[in-house]
């Protein structure tokens, strides 16, 4: 406590007084009033600390908002306005206050309180952590400091002082890496000497050194006329003595409590500030400094809002060298005032910023001074040396003091003595035992923020972690009905969420999860309107000890919200949302509905972070899921890490603004699956604005399937038993699949995870099974896809570094064995960024899967109604031998692909590589059909039994590809088999190699073993001819898809579009069924039955740029670069086509064929070099090929009366009309002859 003019200080909290009562007819002493004030303050602080907390804020007070680094590498911190309570004392931060601009620490720079940011070299070994903390105390403010408090009517003397909470925001650098550890390190540093200790109940730091007062055996009585006295206080006045350690091993003491405080100025004398002029005159002659007295020069500590300044608690101690001269109110000192103190007062950015216009002219800057009078000091010897345990005499008072330890500088003791009771020292503790503890300084401590410095590039970047405890006002409108504490860091109404749920009323309420580590397996069952909210990352929920299971389960409940806390569950599900029965009569009757998880941080490893089994209106928003490295490598024998991070099943589901990322980078075999799983039978789902990275699975997995008994048609009981939770193996314990037929009771072991989603009695949806269960005969079980996903929106997501496909179907089925496929109805795939996915090596594919499966950026099954727009799909694929696609769909019905950038998917093959069979390309569509509807024309005469039912297209195209940029390192930029109108406009297609297309033909030859060729197939052309004419049965025997091999024979190494539909009532049934059969998709029931399908098959290919660049090895051998074929009309207009070849051979640049009509007009074909013979080969019954430009000849085939071959220019032979160039004349005659035979 600051030195003030009091008669005594006798506040003793150990006596537990609660108040003070006056007695009649007595005058009230000032000490009584002071004691009452101290008692009231003490009880109030204890009540606040025990009721609220020892340190905490109800608002943003002292929140470290930003860190700013200056050019000199020092940094500043901006603090939010508000309050914080520490030890029951309220401290307040003003608006706009900063670390360097503290109004309670005016000279922070001079005191070395400004921290420096770390350099890049400092952070080379890892991050640095700095702790910003609050140091608070109470200080007396007199009228000498705040003149506004002085009542001028009293003529000068003041009657009281004011207590003011003071605080400093300090920074300790390079300390613990969490708020808890950093604050513990600070406390350890402050108490390391043993001279101080911290009361954790009040966060108060106080001294531990005790001072014992004793009596000198010999002494001189100050009153020489008085009779001899007994041992004790020899003074003739009642007084208060103040003792303080002013330097290590040195103490000073004073009568009058060293209370006199004056304003003074320091004047240079002999080049040093050794002359003190008193602006405030001494009270009386006794108060005048005399030679040998001690004076303490004090700087400005703080500024009040009226611009008055508060004196510092301690200052510069010096001995009076020349006594007070009343003529000029000055005296001399032996140890000069430090010159920097004087300089600061004169500095424009120092004392001049804090002047008060109420101060007299010429006295605007000044110091404060206290007079310490007790004994005479020799010059240069301020204070008295002491040794712990050795008495130190207090001048001629007859008293001595003994310290039991070295203490700390600033430790202060105050006791009072009375002349008429010389042996009574008050408080009595000073004469008992080891003495009394210091009354000052008492400091209140609280952590404010932890500043984490990390290198970003070559720059040190700070991240602020709020270390303040927060509490809510009791009358707050959003107060918690129940609080949950962990019993260590925080204390609440309940010790767990489970207990808190029992305390909530039936109509719900809010549970606040206070900071700390909580353990629980909480079940929210058949409840409504519950909010569980934490305090951000400081509220951590772990799985409960004992039985395993989800950390939080929400079942059969409505309007449940989890918000703003962490869940760490490496072995268990974090949050499970389920229902005792599935939705049956509509969303309004769902047992689990309106579930929100937001601003959460979840950490997962072996099991999913969030599983939704059955819910309507579920949302996961603004949350982060961290994927911990697995403890052991992924193996088929262990299910750990083989489930997606989020699994969804229900209606109206959303995952938005979330992150699913690894907590640290590891090898592929130590990564969990990660990503999001949208299961079959989901209706209306939105996956928007998420960041998904670094998993061993897909970014977004679509659909689900199960195993059923063979021959059940997909409706049989699942062969997968109910999962069991075990603490040792985590969420997906390795389980068995049991044969359901009584005749065969064998038990078969699954080699991958089977998850927990229940569909109906006894049926469970499998999870991440990517291969069949080994050892189960095919006639016992078969895979069955679950129902379609309906209404799926995937927008504005970042998906990167996934081991499997970025967005894909959960699996592709062998269509030679089953009629199953993962289906999505109404898909919008927009504005996503997918990169570096499918980095793991593909397994061996069956012959059917080489055609009916895709891997890479996006790989879908059946999609009915698809918009794929404004996506960026880049750099997917791992092993260059593996087939990789940018975008693949097995089958689409009404598909628009526009404004996408699809580049660099797959790797360029090297010379000598033997690529694996499979789909490669930028955009690859197994079959794109038009949307249709059934229409009864009502013609009983044509079909007397039932009329005539037609399967009509809606008028929308089967395929629209517009304004895309597609660059493919290996494979076709566009590959599509179409059944319906196709519009391909304004695109940029590029391919840099198509060696893999020949693998289909080479595989045929390998299967034939040269039996039909006599070993004479020596060129690519020979090979293609053989493959084109081989018996399909032989191709099937060679385990190569017949139709795929024949399409690859046609070439189209950059673009290949085949549309075999088209017809009318007069023509009879269309060829849609043939297309389905040829593509291998006829098992998927694409053709409506009954009815005659009437689907047109136009192709419009206009305004595109197509580029095939194969300068580098290996060589490409193909019939053509662009292949467009349809049974209906084909239009190829205004395109720019280019070939850049090395030693590659591409016979024809553009090959366009139609069974109906064809127009090829206004195109430019560039194919420099001799390895291309034909710029355009066009053929159709009605063929218009005109106004084109090429570097080679044109081969135009049509019936003579419907053939237009007009003004097609070539650069060959000097250039000109291709009809008139001699080198092309023979080719033209051959085309005419062929057309005449049509």
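Taken together, the values in this text are just the output of simple stated rules run on the coordinates, not laboratory data. It should be emphasised that the depicted structure is a prediction, and the values quoted were computed from it without experimental measurement. All Cβ positions, even for glycine, are placed from backbone atoms using ideal geometry, and neighbour counts span all protein chains on display.
Values computed for the structure shown
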{"quantity": "Extension gain (nm, one decimal) between residue 71 and residue 37, 0.36 nm per residue minus Cα-Cα", "calculated": "7.4 nm"}
{"quantity": "Among 911-922, 692-703, 523-534, the order from most to least packed when residues are scored by Cβ within 10 Å on average", "calculated": "692-703, 911-922, 523-534"}
{"quantity": "Segment residue 327-residue 151, length gained on full extension (0.36 nm per residue, minus Cα span)", "calculated": "60.5 nm"}
{"quantity": "In Å, descending, principal axis extents of the Cα set of the range 1-77", "calculated": "68, 33, 20"}
{"quantity": "Prolate/oblate/rounded call for the range 375-488, Cα gyration tensor, a/c under 1.5 rounded", "calculated": "oblate"}
{"quantity": "Cα-based Rg of the range 1096-1227 normalised by 2.2 N^0.38 Å, two decimals", "calculated": "1.00"}
{"quantity": "Alpha carbon convex hull of the range 304-445, volume per residue in cubic angstrom", "calculated": "205 Å³"}
{"quantity": "Full-extension gain in nm, residue 1233 to residue 1143, via 0.36 nm per residue minus C-alpha separation", "calculated": "29.2 nm"}
{"quantity": "Whole-angstrom gap from the range 350-403 to the range 514-565, using each part's C-alpha centre", "calculated": "60 Å"}
{"quantity": "Alpha-carbon radius of gyration plus Dmax, which is the widest Cα pair, for the range 44-165 in Å", "calculated": "19.1, 67"}
{"quantity": "Ranked list, fewest to most other Cβ atoms within 10 Å of each Cβ, for 551, 858", "calculated": "551, 858"}
{"quantity": "Residue 419-residue 174 pseudo-label distance in nm [points 7 Å out on the Cα-to-Cβ vector]", "calculated": "5.9 nm"}
{"quantity": "Segments 415-428, 963-976 sorted - mean Cβ within 10 Å per residue, highest first", "calculated": "963-976, 415-428"}
{"quantity": "Label-point gap, in nm, between residue 846 and residue 793 - each point 7 angstrom along Cα→Cβ", "calculated": "3.8 nm"}
{"quantity": "P(r) of the range 211-431 over all Cα-Cα pairs, binned every 10 Å from zero, in whole percent", "calculated": "8, 31, 32, 20, 9, 1, 0"}
{"quantity": "Gap separating the Cα centres of the range 287-302 and the range 1093-1169, nearest whole Å", "calculated": "99 Å"}
{"quantity": "Overall form of the range 255-348 per C-alpha gyration tensor (a/c, 1.5; a/b vs b/c)", "calculated": "oblate"}
{"quantity": "706, 22 arranged by Cβ crowding within 10 Å, fewest neighbours leading", "calculated": "22, 706"}
{"quantity": "For the range 1124-1191, alpha-carbon Rg and Dmax in angstrom", "calculated": "12.2, 36"}
{"quantity": "Surface/4 of the Cα convex hull for the range 804-990, nm²", "calculated": "12.1 nm²"}
{"quantity": "Footprinting exposure proxy for 898, 631 (fewest neighbouring C-beta atoms within 10 Å first)", "calculated": "631, 898"}
